[in-house]
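Below: the structure, in structure tokens.
The values are calculated or read from the model by the stated rules, or taken from the named source; none is laboratory data. Computed from a predicted model, the values in this text were never measured in an experiment. Backbone-built Cβ (ideal geometry, glycine too); neighbour counts: all protein chains shown.
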Amino acid sequence: LNIDLSAISAGSNIAISGMYQEAQYQGGGGGPDIEAEGIHVGGTLVAGPAAFTAHYYTGECLGITLQMDAGGMSDDGVCRDHDGFYVQGTYSYGAGKVGISYGESNQDMAVNDNGSAYDPKEKQEMWTAGIYHNLAPEWLAVAEYSHAEESWHKMDTTDTDGESDIFSVGMFYLW
């Protein structure tokens with residue numbers, strides 16, 4: 001569901017969505033039926049050259065990276081709870097805009113995750129700052145810097161959190 005709020009402010013909207021999917025767990029030659037479900041709400045408010053976007057989701061068996069994958073459930077097919085959010089602020093100028101954003105995905109442990117050979121992922125988060133400039137109507141130049149981090153439940157003393165810094169420069173051809 002997408003609700004257009006252009007009558008209040010051009011470019012503004014609210015979005016609500018949900019999903020439901022069933023599958024059969026295949027670990028160890030079969031198993032229980034798995035039900036992945038989630039709901040999302042978010043939107044964008046625009047005030048002249050400034051825009052603010054925010055989205056939130058929650059659900060079960062979604063996984064941090066892939067839905068209904070090993071990250072979405074325990075070794076024996078019990079779904080994990082997931083939630084996350086994304087916020088972004090941008091400011092437009094002439095032929096471009098600058099922006100900053102932050103988002104994270106969180107995953108709770110399933111009741112029986114203690115027997116797993118792998119540490120379940122707890123959180124992924126990333127923030128990005130960028131500049132986006134139209135060189136021509138169909139050419140968009142982009143420069144971004146991002147910092148991403150990952151952490152896990154039940155970390156051993158030899159485990160470390162994942163961390164990366166990404167610098168991106170490029171162009172898009174829009175048609």
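Within the set Asp108, Asp83, Asp119, Asp113, the sole residue that is closer than 30 Å to Gly38 by Cα and in contact with an Asp or Glu (Cβ under 6 Å, 6 or more places away or on another chain) turns out to be Asp108. Against the test of being surrounded by 15 or more Cβ atoms within 10 Å (Cβ to Cβ) and either modelled with pLDDT of 90 or more or closer than 27 Å to Pro137 by Cα (or both), the options Val46, Val78 yield a single qualifying residue, Val46. Among the residues of this structure, His55 counts as one that is closer than 30 Å to Ser9 by Cα and either surrounded by 15 or more Cβ atoms within 10 Å (Cβ to Cβ) or of a type in the set (Ser, Thr, Tyr) (or both).
Would you be able to say whether some residue in the range 138-158 is in contact with a Leu (Cβ under 8 Å, 6 or more places away or on another chain), surrounded by fewer than 14 Cβ atoms within 10 Å (Cβ to Cβ) and not charged (D, E, K, R)? Within the range 138-158 (the criterion being in contact with a Leu (Cβ under 8 Å, 6 or more places away or on another chain), surrounded by fewer than 14 Cβ atoms within 10 Å (Cβ to Cβ) and not charged (D, E, K, R)), the answer is yes, since at least one residue qualifies.
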